[in-house]
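Everything on this sheet refers to the single structure shown next.
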Amino acid sequence: MTDLSKLLNEKVIEFNSKIKDESGTAKMIEGKTRTICICVSDGDNHFSKLENLELENFSITDDTSADLKVTASSEILEALISRTMSPVKAYMKGDLKVKASLMDMLLLKKLF
C-alpha cells in the first residue's frame with residue numbers, strides 16, 4: 001500500500017467515525033450514495049463509494065468516472081490531507097481540480 005493509499009484510508013476511518021459521532025454529519029449524507037475518485041496525476045487513481053452512511057476504503061482503479069472527482073499530484077494531495085496546504089490555495093494555483101456538485105463539495109470538505 002502506498003503512503004497516499006494509507007493516508008486516504010485513515011481519512012475514511014475518521015470520516016466514518018464522524019458519521020457515527022456527529023448527528024449533523026449523518027443527516028447531511030443520509031440517503032445519499034456517491035462515488036469518489038481521487039485522480040493522482042503522478043500515480044494511481046483511488047476510488048471509494050459512500051453508501052448507507054458509510055464510506056468504503058479507497059481502492060486503486062482505472063475508472064475515473066465518479067460523482068465527485070478530485071485531481072492533483074501526490075505531493076499536493078499529501079499536503080492537503082496533512083493540512084499543510086489549504087484546499088483553496090491549491091485550487092486557486094491550479095494544483096487542485098475538483099469536479100462535483102455543490103453538495104458533493106460539502107461532502108469533500110467533511111472528508112478532508
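The values are calculated or read from the model by the stated rules, or taken from the named source; none is laboratory data. Since the structure is predicted, the reported quantities are computational estimates derived from the model, not experimental observations. Don't worry about glycine lacking a Cβ; one is built from the backbone with ideal geometry, like all the others, and counts go over all protein chains shown.
Yes/no matrix, rows are residues, columns are (1) among the basic types (Lys, Arg); (2) within 18 Å of LEU68 (Cα to Cα); (3) modelled with pLDDT of 95 or more:
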{"residue": "THR2", "(1), (2), (3)": "no, no, no"}
{"residue": "LYS6", "(1), (2), (3)": "yes, no, no"}
{"residue": "ALA26", "(1), (2), (3)": "no, no, no"}
{"residue": "ARG34", "(1), (2), (3)": "yes, yes, no"}
{"residue": "CYS37", "(1), (2), (3)": "no, yes, yes"}
{"residue": "VAL40", "(1), (2), (3)": "no, yes, yes"}
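List the pairs whose first member sits in segment 14-27 and is closer than 13 Å to LEU50 by Cα and of a type outside the set (A, V, I, L, M, F, W, C), whose second member is modelled with pLDDT of 85 or more and not in a helix (DSSP H, G or I), and whose Cβ atoms are under 6 Å apart, counting only residues at least 6 apart or on separate chains?
Hits for this filter: ASN16/GLU54; ASN16/LEU55.
Collect the residues in segment 22-45 that are assigned to a helix (DSSP H, G or I) and within 19 Å of ASN57 (Cα to Cα), keeping them in residue-number order. I'd like the intermediate steps shown before the answer.
Initial filter on segment 22-45 (assigned to a helix (DSSP H, G or I)): 23-29.
Of everything in segment 22-45, those that are assigned to a helix (DSSP H, G or I) and within 19 Å of ASN57 (Cα to Cα) turn out to be THR25, ALA26, ILE29.
Read through the list (1) free of Cβ contacts under 8 Å to residues at least 40 places away in the same chain; (2) closer than 21 Å to LEU7 by Cβ; (3) not in a helix (DSSP H, G or I), then give the number of the only condition that ILE60 fails.
(1)
Can you say whether ILE19 is surrounded by 14 or more Cβ atoms within 10 Å (Cβ to Cβ), in contact with a Ser or Thr (Cβ under 8 Å, 6 or more places away or on another chain) and assigned to a helix (DSSP H, G or I), as far as the supplied structure shows?
For ILE19, the condition - surrounded by 14 or more Cβ atoms within 10 Å (Cβ to Cβ), in contact with a Ser or Thr (Cβ under 8 Å, 6 or more places away or on another chain) and assigned to a helix (DSSP H, G or I) - is met.
Are any residues in segment 87-96 touching a helix residue (DSSP H, G or I) at 6+ places or on another chain (Cβ under 8 Å) and either more than 16 Å from LYS109 (Cβ to Cβ) or not in a helix (DSSP H, G or I) (or both), and if so, which ones?
If the condition is that a residue be touching a helix residue (DSSP H, G or I) at 6+ places or on another chain (Cβ under 8 Å) and either more than 16 Å from LYS109 (Cβ to Cβ) or not in a helix (DSSP H, G or I) (or both), then ASP95, LEU96 are the ones that fit.
Any idea how many residues of segment 23-65 are in contact with a helix residue (DSSP H, G or I) (Cβ under 9 Å, 6 or more places away or on another chain), over 17 Å from MET103 (Cβ atoms) and surrounded by fewer than 19 Cβ atoms within 10 Å (Cβ to Cβ)?
So the answer is 9.
Here is a check on your reading of the model: is SER82 closer than 17 Å to LEU7 by Cβ and modelled with pLDDT of 95 or more?
So SER82 does not fit the description; no.
Here's the yes/no breakdown for (1) farther than 19 Å from LEU107 by Cα; (2) not aromatic (Phe, Trp, Tyr):
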| position | (1), (2) |
| --- | --- |
| SER5 | yes, yes |
| LEU8 | no, yes |
| VAL12 | no, yes |
| ILE19 | no, yes |
| THR35 | no, yes |
| LEU55 | no, yes |
| PHE58 | no, no |
